[in-house]
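The structure appears right after this line, and notes come after that.
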């Protein structure tokens, strides 16, 4: 039996997530989405977003998440979320094949850009080697370029952005820029105990109990607020992420295939 977790979103008016709190990076506040778009357009006569780096490497990056044929007839615009070890990558790839849309992983985009040897890729490589996270503005730029390509016209499965609440304004700007009219968030709900078991089973040297616990702490402190925001907006639909790969995939498909006004809340 396909089980869907009934998640009832809070009303936007009563939600503590209704106002997006800016985060300061290098002493400057993160702009709300309207101001962000205006700033991005300000130095471009054509109205295109400001490009911080040369466009080298885009051909290589475009191959990431290549579109597979599928039966979709309406846009499938999906953000997939879940804790470490929940199977987001596996499920995202399966959904992309099922609906004939690209699976866009921010991690794969970054790796492809680094591998291209472009100026931007070298910059990203230096950030990662220094142990830092790639900034939200650069991630926004790369996603806008990738998701503006023709293979995303029928939709996409997005994995990896936003991961932090302070990235929400940029994600909202991205949605408005690209017109995500059919957008929904699907979440893989997996208990912490299951996450511990799955990651420990992988046998990696860094998958120690302490490391796994820390990754979960980061997920609950940084990513759960993003989920609660989407829940408050009525855009988050969680499914039981425990079961076989096929069972979980069927649950996700059931949510996606159900008309918006009939989806369980």
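Condition check: at pLDDT 95 or above and either buried (at least 18 other Cβ atoms within 10 Å of the Cβ) or assigned to a loop (DSSP other than H, G, I, E, B) (or both). Does residue 134 satisfy that?
Numbers: at pLDDT 95 or above: no; either buried (at least 18 other Cβ atoms within 10 Å of the Cβ) or assigned to a loop (DSSP other than H, G, I, E, B) (or both): yes.
Spelling it out, it is not the case that residue 134 is at pLDDT 95 or above and either buried (at least 18 other Cβ atoms within 10 Å of the Cβ) or assigned to a loop (DSSP other than H, G, I, E, B) (or both).
Would you be able to tell me the number of residues in segment 245-265 that are over 22 Å from residue 89 (Cα atoms), assigned to a helix (DSSP H, G or I) and touching a residue at least 24 places away in the same chain (Cβ under 8 Å)?
First, the residues of segment 245-265 that are over 22 Å from residue 89 (Cα atoms): 258-265.
Next cut, assigned to a helix (DSSP H, G or I) only: 260-262.
Of the ones still in play, those that are also touching a residue at least 24 places away in the same chain (Cβ under 8 Å) are 260.
So the answer is 1.
Residue 148 passes all but one of (1) surrounded by 19 or more Cβ atoms within 10 Å (Cβ to Cβ); (2) without any contact (Cβ under 8 Å) to a residue 40 or more places away in the chain; (3) under 17 Å from residue 113 (Cα atoms); which number fails?
(1)
Take the conditions touching a helix residue (DSSP H, G or I) at 6+ places or on another chain (Cβ under 7 Å), under 17 Å from residue 80 (Cα atoms), in a loop (DSSP other than H, G, I, E, B) and touching a residue at least 40 places away in the same chain (Cβ under 8 Å) and apply them to residue 242. Does it pass?
Values: touching a helix residue (DSSP H, G or I) at 6+ places or on another chain (Cβ under 7 Å): yes; under 17 Å from residue 80 (Cα atoms): yes; in a loop (DSSP other than H, G, I, E, B): yes; touching a residue at least 40 places away in the same chain (Cβ under 8 Å): yes.
Judged against the criteria, residue 242 is a match.
Would you confirm, using the coordinates I've provided, whether residue 97 is under 18 Å from the mean Cα position of the chain (by Cα), in a helix (DSSP H, G or I), surrounded by fewer than 22 Cβ atoms within 10 Å (Cβ to Cβ) and without any contact (Cβ under 8 Å) to a residue 40 or more places away in the chain?
On the way: under 18 Å from the mean Cα position of the chain (by Cα): yes; in a helix (DSSP H, G or I): yes; surrounded by fewer than 22 Cβ atoms within 10 Å (Cβ to Cβ): yes; without any contact (Cβ under 8 Å) to a residue 40 or more places away in the chain: yes.
Taking the combined requirement at face value, the residue satisfies it.
Are any residues in segment 165-179 in contact with a helix residue (DSSP H, G or I) (Cβ under 8 Å, 6 or more places away or on another chain) and more than 17 Å from residue 105 (Cβ to Cβ), and if so, which ones?
Within segment 165-179, 165, 166, 168, 169, 170, 172, 173, 176, 177, 178 meet the criteria.
Of the residues 129, 153, which single one is farther than 26 Å from residue 85 by Cβ and surrounded by fewer than 21 Cβ atoms within 10 Å (Cβ to Cβ)? Talk me through it step by step, then tell me what you get.
Working: 129 fails: farther than 26 Å from residue 85 by Cβ.
Of 129, 153, the one residue that is farther than 26 Å from residue 85 by Cβ and surrounded by fewer than 21 Cβ atoms within 10 Å (Cβ to Cβ) is 153.
Out of curiosity, is residue 107 in a helix (DSSP H, G or I) and at pLDDT 95 or above?
Details: in a helix (DSSP H, G or I): yes; at pLDDT 95 or above: no.
The answer is no for residue 107.
Among the residues of segment 177-185, is any at pLDDT 95 or above and crowded, with 17+ Cβ neighbours inside 10 Å?
Of the residues in segment 177-185, the ones at pLDDT 95 or above are 185.
Remaining after also requiring crowded, with 17+ Cβ neighbours inside 10 Å: 185.
Yes, segment 177-185 contains at least one residue that is at pLDDT 95 or above and crowded, with 17+ Cβ neighbours inside 10 Å.
Residues in segment 154-183 that are in contact (Cβ under 8 Å) with a residue 24 or more places away in the chain and more than 11 Å from the chain's Cα centre (by Cα): how many?
Looking only at that region, the number is 16.
How many of the residues making up segment 197-230 are surrounded by 17 or more Cβ atoms within 10 Å (Cβ to Cβ) and over 18 Å from the mean Cα position of the chain (by Cα)?
4
The values are calculated or read from the model by the stated rules, or taken from the named source; none is laboratory data. Keep in mind that this is a model prediction, so the values were computed, not measured. Quick reminder, even Gly has a Cβ in these numbers, built from the backbone with ideal geometry, and neighbours come from all protein chains shown.
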